[in-house]
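The values are calculated or read from the model by the stated rules, or taken from the named source; none is laboratory data. Everything numeric in this text was worked out from a predicted model, so none of it was measured. For neighbour counting, all protein chains shown are included, and Cβ atoms are generated from backbone atoms with ideal geometry for every residue, glycine included.
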Amino acid sequence: MKGVLAAGLSALIFGFAGPAMAEPVKIGMITTLSGGGAGLGVDARDGFMLAIEESGNNEVEVVIEDDAQKPELAVQIADKMIQSDQVDILTGIIWSNLAMAVVPNAVNQGVFYLSVNAGPSQLAGSMCHENYFNVAYQNDNFHEAMGQYANDTFEKTFILAPNYPAGQDSLTGFKRYYKKELAGEVYTQLGQTDYAAEIAQIRASGADSVFFFLPGGMGIAFTKQYSQSGLDIPLTGPAFSFSQDVLPAVGEAALGVKNSASWSKDLDNAANKAFVEAFQAKYDRLPSVYAAQAYDTARLILSALEKASVKDKEAFRAALKEADFDSVRGKFSFNSNNHPVQDIYVREVVKEGDVITNRIIGTAFTDHKDAYAAECGL
């Protein structure tokens, strides 16, 4: 544990030349940079830092640390960033169990938290907070979109997800819009890599489709094993299982799979075209939905800083709420609970030349809001 802790608490500080602001701003980014979920955190970090660099603002300092996908480590890092580093804003957490461990305490200490990914239902509903803004989605949203798609397309779907807050939210969201027969419902272990038992259950279930939420290395393992099993029952899922960060590892086993997202590299707006081009030029790879969400998060922060000092919490909060920035998603606004109102698309995994990627084939929801805003007292 000591070695992991030492690695996790090694800070990288970035600053960039540009026009001076009235006062410096310190942002703490806690994200997953090692282990099976590292690809997600690396993409979030790179998308966020690209936006900061493009701004040319030398008064924004970003401290980045690795949570190693461990809740207890994330809590220690957050406490250090708040108490010792005296950050004004926290961001970066990928996993909902880590967000639930960190966010409530952070925002209650007067720090702003802006989520680049994790969107647990509790923080959208009864545990919402004026200092918490989710710039990605509420966990249910992408799964709701695929529930709607499956309801229109299939008759008997088998569903599975890992047993942690985002996994529970995913199947809840799917079932909110899927009203037909379930062939089976299974919760797997978080971090599981062997899915032989689950694939055997699917084979015996009589399902005509499979919906799964298995982000990162879990999804890579499942999709490969599923393809090798010879089953030809169509797979569907949210973007997380077919995001650009995992597609090279999954390979052609993912071709044809339908998935849902609020962003895709082929969205036709100027901000997105510039983002995809800049990200690819800087990092020599296509961006993922994690990178896009983090890029938008940084741009939101920068837009708010142009209007208000982060030290003036009421004014800065109001500036964040306005969401006055050019999102790579096109339309973007906040609902009453500081969670997105946005379109959600259905994408298909395709091969473009030698690159496996996604393209939009339809719109599942327009101006979609999460189901928990009514429980939020803001």
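So that you can scan it fast, the table gives a plain yes or no per residue for (1) small (Gly, Ala, Ser); (2) more than 29 Å from Asp169 (Cα to Cα); (3) without any contact (Cβ under 8 Å) to a residue 40 or more places away in the chain:
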{"site": "Pro248", "(1), (2), (3)": "no, no, no"}
{"site": "Ala278", "(1), (2), (3)": "yes, yes, no"}
{"site": "Arg285", "(1), (2), (3)": "no, yes, no"}
{"site": "Ser288", "(1), (2), (3)": "yes, no, no"}
Exercise for the section: Would you mind listing the helices (runs of 4 or more DSSP H) fully within segment 228-335 where at least 3 residues are at pLDDT 95 or above? Expected result: 270-283, 289-305, 313-322
Exercise for the section: Consider Thr172 carefully, then state whether it is assigned by TED's automatic domain parsing to the domain that holds Pro234, within 20 Å of the chain's Cα centre (by Cα) and either more than 20 Å from Trp263 (Cα to Cα) or part of a helix (DSSP H, G or I) (or both). Expected result: yes
Handout entry: Of residues in segment 171-192 being among the hydrophobic types (A, V, I, L, M, F, W, C) and closer than 22 Å to Ile220 by Cβ, the one surrounded by the most Cβ atoms within 10 Å (Cβ to Cβ)
Key = Phe174
Exercise for the section: Would you check if Phe211 is of a type outside the set (A, V, I, L, M), under 23 Å from Gln69 (Cα atoms), outside the structural domain of Ala44 (by TED's automatic domain parsing) and not in a loop (DSSP other than H, G, I, E, B)? Expected result: no
Problem - Lone qualifier among Asn358, Asn338 - being at pLDDT 95 or above, surrounded by 16 or more Cβ atoms within 10 Å (Cβ to Cβ) and not in a strand (DSSP E or B) - result: Asn338
Problem - Pick from segment 202-224, criterion surrounded by fewer than 17 Cβ atoms within 10 Å (Cβ to Cβ) and in contact with a helix residue (DSSP H, G or I) (Cβ under 9 Å, 6 or more places away or on another chain), ranking: farthest from Leu171 (Cα to Cα) - result: Lys224
Exercise for the section: Could you check Arg347 against (1) under 19 Å from the mean Cα position of the chain (by Cα); (2) farther than 24 Å from Pro120 by Cα; (3) basic (Lys, Arg) and say which number it fails? Expected result: (2)
Problem - Odd one out for Ile199, checked against (1) modelled with pLDDT of 95 or more; (2) of a type outside the set (Asp, Glu); (3) touching a helix residue (DSSP H, G or I) at 6+ places or on another chain (Cβ under 8 Å); (4) surrounded by 22 or more Cβ atoms within 10 Å (Cβ to Cβ) - result: (4)
Practice task
Please find, within segment 295-338, the residue that is nearest to the chain's Cα centre (by Cα) out of those that are over 21 Å from Met29 (Cα atoms) and of a type in the set (Lys, Arg).
Solution key: Arg329
Handout entry: Filter result for Lys282 (under 29 Å from Gly37 (Cβ atoms), charged (D, E, K, R) and surrounded by fewer than 18 Cβ atoms within 10 Å (Cβ to Cβ))
Key = yes
Practice task
Within segment 151-186, work out how many residues are modelled with pLDDT of 95 or more, over 22 Å from Ala197 (Cβ atoms) and β-branched (Val, Ile, Thr).
Solution key: 1
Practice task
Starting from residues that are surrounded by fewer than 19 Cβ atoms within 10 Å (Cβ to Cβ) and among the charged types (D, E, K, R), keep the ones in segment 62-88 and report whichever is farthest from Leu300 (Cα to Cα).
Solution key: Glu72
Exercise for the section: Report yes if some residue within segment 248-255 is touching a strand residue (DSSP E or B) at 6+ places or on another chain (Cβ under 8 Å), buried (at least 24 other Cβ atoms within 10 Å of the Cβ) and closer than 25 Å to Pro165 by Cβ; otherwise report no. Expected result: no
Fill in the blank from the handout: For segment 280-308 the number of residues that are closer than 16 Å to Leu90 by Cα and among the small types (Gly, Ala, Ser) is 3
Problem - Selection count where residues are in contact (Cβ under 8 Å) with a residue 24 or more places away in the chain and closer than 21 Å to Ser264 by Cβ, scope segment 121-165 - result: 18
Practice task
With the condition kept exactly as written, say whether any residue in segment 33-41 is at pLDDT 95 or above, assigned by TED's automatic domain parsing to the domain that holds Tyr113, assigned to a helix (DSSP H, G or I) and hydrophobic (A, V, I, L, M, F, W, C).
Solution key: no
